Amino acid sequence: MKQDDGDLDGLVRKRIRALRVAQGWSLDALGARTRLSPSTLSRIENGQRRLALDQLVTLARALDTSLDQLVETTTEDVVSNPVHDAAGQAMRWAVRADPDIAVVRQRMVDPPPDNPSRLRAHPGREWLVVLSGAAILLLGNRRLRVETNQAAEFPTMVPHAIGSAGGPTEILGLFDRDARRGHQDRDASSGPHHPQQ
């Protein structure tokens, strides 16, 4: 009997088909990897055959995933709202799949600091993309201009700071756990750098 699309059974069947199609495999190709007939696979995908645990294990292995991922439910909220900083210049989102990563969107209007002593260094890695405007990234002795739709990735042990190249600039940044901690520890009065996490 065909299950409702909203239940776990239907979700697992859709995942099997989506993973097979993503690999570019026909039912015959997946059948060769699982020793299940193409007609059996078709009935599994279409909800016309009961899902058996031994077949799910075999399918997960053939589709390069785990049984846990194949039957994982999606009960958590998909949409999340940002947390705004006190000045309203930055928004931060948590990444549920990896709580060690923070995603931050920041609006900047000030240039980076002129004084090299105001560059910060801390453990971690950062990645950012300029959404609008242009940014100046000070990285050690280098001064890099990052234009709209360009990205930069760098180890944060190199002294660095970022600011606007003139006019409003918006960036979206990803911070690993160590980089996020480095920004949490920074003094809020240290001037343009990155948003506090």
Quiz prompt | Cβ-derived FRET efficiency at R0 30 Å, A134 paired with W93, nearest 0.05 | solution = 0.80
Quiz prompt | Additional length obtainable on full extension of the chain from R125 to V79, 0.36 nm per residue less Cα span | solution = 14.0 nm
Quiz item: For region 8-71, what D do you get in µm² per second when you plug the Kirkwood radius from alpha-carbon pairs into Stokes-Einstein at 10 °C and 1.306 mPa s?
Solution: 140
Exercise. Calculate, in nm to one decimal, what V103 and V71 gain on full extension: separation in residues at 0.36 nm each, minus their alpha carbon distance.
Key: 8.7 nm
Exercise. Once you have a ≥ b ≥ c as the square roots of the Cα gyration tensor eigenvalues for region 83-190, tell me rounded if a/c is under 1.5, and otherwise prolate or oblate according to whether a/b is larger than b/c.
Key: rounded
Quiz prompt | Debye, to nearest 20: dipole size of region 8-71, +1 on Lys, Arg Cβ, -1 on Asp, Glu Cβ | solution = 140
Self-check item: Extension reserve of the S117-Q150 stretch, reckoned as 0.36 nm per residue once the Cα distance is removed
Solution: 9.2 nm
Quiz item: Ranked from highest to lowest mean number of other Cβ atoms within 10 Å per residue, what is the order of the peptides 134-142, 171-179?
Solution: 171-179, 134-142
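Where a number appears in this text, it was derived from the coordinates with a stated rule and is not lab data. All values reported here derive from a predicted model rather than from experimental measurement. Methodologically, a virtual Cβ is constructed for each residue, glycine included, from the backbone with ideal geometry; neighbour enumeration extends over all protein chains shown.
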